[in-house]
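Q: First, the structure itself, so that you have it in front of you.
The values are calculated or read from the model by the stated rules, or taken from the named source; none is laboratory data. Treat the numbers as computed from the prediction; the structure is a model and nothing was measured. Glycine also receives a Cβ, built like all others from the backbone with ideal geometry; neighbour counts cover every protein chain displayed.
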Amino acid sequence: MFTPKTLGQIDLRNSPKVRSGIRDDVVQDYMQNYLNKVPMPEPVLFQASENAYLIADGLHRITAMRGLGADYKGGWVCQVFKGDYAECLKEALKCNLQHGLRRSPEDKHESVMSALLKFNDQSNRQIAEMASVSHDFVAKIRKQMETHEVITKPEKTKGKDGKLRPAKGASTGRASSSNVENKGKSKDLGAVLPEPASLGDGFKAPLVDAIGCPIPAKSLKCWDRQGEIKCLLQSLSEIKCTVEKGIKSDPLYIEVGNSTVAIMGTVREGIKMALPYAVCPTCNGQLVEKCTLCRGRGVVSEIRYNTVPLEIRNMRAKLYRKNL
């Protein structure tokens, strides 16, 4: 059984990524369920080393447990298996099909990316079976990852019968400069589209931004720090949930007003301005030193991106998404 004091042994940061993010509303619902003793499915963990556990199933439940804080009286039972990251990932890929928060398209995309990064030698059908998606969906993401050099095209892939067979199709390589140039011949965009960034082996950041635009090399440094901001946002959410719970039921928090909770919500929204969402629509991540919109980052937050005229946003989304 895990208690508020031992939850720190569960490694959220290095657990398999099969969700695109954490939903605060779901975490708060789960926190209330735990407080009200509502039966919840047991999270599934893999013990990778002594006192170190990875999450296969139950990211939102574990986050809710942590949000309840040290004052929570009680503990939680988790299913624990011995195994490494690969075994945990295989289990994580098939979870939440019968219970838990329904997977979004972004969650499915994240699952397939994680599977391909770890099991690149498996056939598309094998990966599809692991992640419970279509093999066509896997093939599309694999091609995208190969194009951006996140993974290499294997000479052979392993099928369900365990036999190795030549991989279908020729290596895609990186998109040619002529293709990138042709994609950019849009009178309404007015700027050359960015070249995809050259990504190193094992790089796990998203291949493209929220609208499908390749992340240019000049913007990669900021884009790669998304995890840093997401951790801050998660911590703020946990603090906010703890204070909200305390105001309702804990005498210790009796002098803390609802205005404090509102302020914390405002702070969280302010921090979200640092979370990269899209390649800057003004400089396309190329002229970052002179751009007044992205202020040198090459990428902008969702809030700032939404200040761009709607017709331009729709045009860009249509242009990129047809190539995904």
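Q: Among CYS88, CYS95, CYS78, which is crowded, with 18+ Cβ neighbours inside 10 Å, modelled with pLDDT under 85 and of a type outside the set (Ser, Thr, Tyr)?
A: Exactly one of CYS88, CYS95, CYS78 is crowded, with 18+ Cβ neighbours inside 10 Å, modelled with pLDDT under 85 and of a type outside the set (Ser, Thr, Tyr), namely CYS95.
Q: Do we have TYR72 as touching a residue at least 24 places away in the same chain (Cβ under 8 Å), outside any helix (DSSP H, G or I), over 30 Å from LYS143 (Cα atoms) and touching an Asp or Glu at 6+ places or on another chain (Cβ under 8 Å) here?
A: No; evaluated as a whole, the condition is false for this residue.
Each row is one residue, and each column tells you yes or no for (1) under 30 Å from LYS73 (Cα atoms); (2) free of Cβ contacts under 8 Å to residues at least 12 places away in the same chain; (3) not in a helix (DSSP H, G or I).
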residue	(1), (2), (3)
LYS218	no, no, no
ILE247	yes, no, no
SER259	yes, yes, no
GLY296	no, yes, yes
ARG304	no, no, no
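Q: Here's another thing I want to ask about it. Search the range 34-63 for residues being in a loop (DSSP other than H, G, I, E, B) and among the polar types (S, T, N, Q), and hand back the single one that is surrounded by the most Cβ atoms within 10 Å (Cβ to Cβ).
A: Checking each candidate, the answer is ASN51.
Q: Right, another one. If you check ALA217 against the conditions, is it closer than 16 Å to PRO281 by Cα, touching a helix residue (DSSP H, G or I) at 6+ places or on another chain (Cβ under 8 Å), modelled with pLDDT of 70 or more and in the same structural domain as SER301 (by TED's automatic domain parsing)?
A: No: the conditions fail for ALA217.
Q: Still on this model: Within the range 115-129, track down each residue that is surrounded by 20 or more Cβ atoms within 10 Å (Cβ to Cβ) and either of a type in the set (D, E, K, R) or in a helix (DSSP H, G or I) (or both).
A: ALA115, LEU116, ASN124, ILE127
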